[in-house]
Number of protein chains: 2
Amino acid sequence: MARTVKGPDARRERWKGHREQRRAEFVEATIAAVAKKGPDVGMEDVAAEAGVSKPVLYRHFTDKSDLYLAVGQRATELLMDRMGPALAADGPIRARIERIVDAYLSVIEENPNLYRFVVKGSFVDRPVEKDVVAEDKNLIASALARILGDYLRAFDMDSGGAEPWAHALVGMVQNAGDWWLERQTMSRANLSDYLATIIWHAVDGLLRSAGVQADPAKPLTPLRLVD
Amino acid sequence: MARTVKGPDARRERWKGHREQRRAEFVEATIAAVAKKGPDVGMEDVAAEAGVSKPVLYRHFTDKSDLYLAVGQRATELLMDRMGPALAADGPIRARIERIVDAYLSVIEENPNLYRFVVKGSFVDRPVEKDVVAEDKNLIASALARILGDYLRAFDMDSGGAEPWAHALVGMVQNAGDWWLERQTMSRANLSDYLATIIWHAVDGLLRSAGVQADPAKPLTPLRLVD
DNA sequence: AAGTAACCGTTACCTCAAGTAACACTTACC
DNA sequence: GGTAAGTGTTACTTGAGGTAACGGTTACTT
């Protein structure tokens with residue numbers, strides 16, 4: 001009875017990865033169900049799509065909004081996979097902006113149903129507690145704010161505007177993308193160009209007002225980064 | 001029995017205005033209920049707030065989403081009352097932009113609960129059919145697009161970008177406002193200024209790229225309006 | 001004056017989807 | 001053999017949206 005040090009019962013560990021996998025499976029099923037039956041799918045539908053009955057679903061998700069949250073996170077992954085590189089890449093500033101914007105548009109273009117489900121989503125009983133979309137936008141906006149803030153500081157400018165700027169940009173691209181997705185009245189490349197132009201002009205104006213002359217065709221680097 | 005020409009039975013007309021008034025009354029009750037009990041109010045709550053029972057509500061609104069739609073439209077009115085003048089007003093371009101932005105922010109600042117209810121709204125069973133918020137954004141964006149388009153044409157520039165521009169601007173202000181409303185980390189005036197600066201720079205940049213030199217302190221008027 | 005078309009309002013019900021209880025089988029660690 | 005995890009089922013409860021059926025009021029119509 002000297003305790004066998006082996007730690008927690010191995011029977012508890014046996015499933016560790018399995019649960020994750022199962023959740024992912026159900027998330028995929030939800031996405032498939034949404035694609036098939038529109039954004040108003042119920043738990044029953046999702047369960048059916050996954051080939052199980054409701055209680056099974058509820059063993060993996062506490063409730064509907066938990067499931068939908070997971071779907072939202074999956075969507076975020078898709079988005080980030082595409083946007084991450086674009087955000088991180090260096091290069092001519094104007095082209096870089098356009099690439100980021102286009103990355104976003106390409107994702108929503110490829111997954112319109114998923115996108116609509118998540119953003120205009122039937123977050124049926126979401127008591128505003130967890131709003132995936134808001135989370136995601138904050139995530140992206142924060143990343144942007146950090147980048148912007150760094151540049152502003154590097155150019156010795158007031159960095160207080162970085163956050164509102166970031167959120168403004170995110171909202172701008174999202175809403176324009178939204179509109180474009182519904183009535184596709186122009187090519188994606190065209191929209192990316194328009195949006196990038198707006199953003200570039202805004203950035204350029206900001207820099208000018210601080211006496212910096214930027215070249216859209218060059219990477220944006222301050223002459224001297226702070227120390 | 002030569003028909004008494006008096007047209008439709010006057011008993012039918014008697015209530016014409018009354019129904020409108022009653023609907024408005026319930027819309028107000030909903031807003032009040034939302035203020036009191038958070039955004040998750042049910043029909044029962046709303047009815048209670050209005051001092052009646054559910055069926056009465058259902059005599060005036062076909063269903064929940066009809067009621068919420070009406071609430072949304074009421075919110076639009078509030079918004080438009082404030083933004084209309086700002087949009088229509090003439091004056092120095094930079095100040096004008098700021099005024100429009102600030103008008104928007106002031107409305108959401110004064111009715112935060114209503115705002116949240118409507119936009120992040122518990123549009124519980126909305127089958128995407130009628131989305132008030134989307135409607136409203138389109139409304140505003142269209143107004144903007146018209147203004148922008150006119151200017152672009154007046155300056156002999158490509159006006160194809162007017163619509164994406166408009167939607168981009170709307171999304172920008174909305175999202176930044178959203179963010180600001182949740183964590184109020186700066187004054188409204190401050191945010192208005194930041195946003196107006198972004199927009200002004202974008203506008204200015206666009207004009208520059210067409211060889212037009214604009215003065216932020218002057219009304220934006222093309223030298224010669226088309227014919 | 002009697003009839004009736006519109007409203008006012010109620011209580012008690014129906015319905016449907018979210019979520020749960022209870023029960024039975026499987027696997028692999030102890 | 002015991003048991004801790006997971007597999008799965010059918011059948012239930014719950015709650016909010018929405019409806020039925022009933023009765024009362026007002027004021028126009030005949």
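The values are calculated or read from the model by the stated rules, or taken from the named source; none is laboratory data. In this text, all values refer to a predicted model and were calculated from it rather than measured experimentally. Backbone-built Cβ (ideal geometry, glycine too); neighbour counts: all protein chains shown. Note: areas computed on protein heavy atoms with side chains; ligands, DNA, RNA excluded. Shrake-Rupley method; radii C 1.70, N 1.55, O 1.52, S 1.80 Å.
Structure notes:
- Among the candidates B:Arg146, B:Arg153, B:Arg126, the residue that is away from chain A (no Cβ under 12 Å) and either at pLDDT below 85 or more than 30 Å from B:Ala70 (Cα to Cα) (or both) is uniquely B:Arg153.
- Filtered residues of region B:183-197 (kept if under 19 Å from the mean Cα position of the chain (by Cα) and more than 8 Å from chain A (Cβ to nearest Cβ)): B:Arg188, B:Ser192, B:Ala196
- Any hit, region B:106-129, residues being open to solvent by 50 Å² or more (accessible area, probe 1.4 Å), in a helix (DSSP H, G or I) and without any contact (Cβ under 8 Å) to a residue 40 or more places away in the chain: yes
Okay, residues lined up against (1) surrounded by 15 or more Cβ atoms within 10 Å (Cβ to Cβ); (2) under 19 Å from B:Ala141 (Cβ atoms):
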position	(1), (2)
B:Asp45	yes, no
B:Gly51	no, no
B:His60	yes, no
B:Lys64	yes, no
B:Val71	yes, no
B:Asp81	no, yes
B:Asp90	no, no
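- Leading residue by the ranking (farthest from DNA strand D (Cβ to nearest atom)) among those in region B:48-63 that are over 17 Å from B:Arg19 (Cβ atoms) and outside any loop (DSSP other than H, G, I, E, B): B:Glu49
- Test for A:Ala103: is it surrounded by fewer than 21 Cβ atoms within 10 Å (Cβ to Cβ), among the hydrophobic types (A, V, I, L, M, F, W, C) and more than 16 Å from DNA strand C (Cβ to nearest atom): yes
For (1) farther than 22 Å from A:Trp179 by Cα; (2) in a helix (DSSP H, G or I), each residue gets a yes or a no:
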{"position": "B:Val133", "(1), (2)": "no, yes"}
{"position": "B:Asp136", "(1), (2)": "no, yes"}
{"position": "B:Leu144", "(1), (2)": "no, yes"}
{"position": "B:Ile147", "(1), (2)": "no, yes"}
{"position": "B:Gln184", "(1), (2)": "yes, no"}
{"position": "B:Tyr194", "(1), (2)": "yes, yes"}
{"position": "B:Ile199", "(1), (2)": "no, yes"}
{"position": "B:Gly211", "(1), (2)": "yes, no"}
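- So A:Leu67, is it part of a helix (DSSP H, G or I), near DNA strand C (Cβ under 9 Å from one of its atoms) and modelled with pLDDT of 90 or more: yes
- When residues of region B:141-151 are limited to those that are closer than 23 Å to A:Ala168 by Cα and open to solvent by 20 Å² or more (accessible area, probe 1.4 Å), the one farthest from the chain's Cα centre (by Cα): B:Leu148
- Residue that is surrounded by the most Cβ atoms within 10 Å (Cβ to Cβ) [pool: residues in region B:29-43 that are part of a helix (DSSP H, G or I) and within 14 Å of DNA strand C (Cβ to nearest atom)]: B:Ala29
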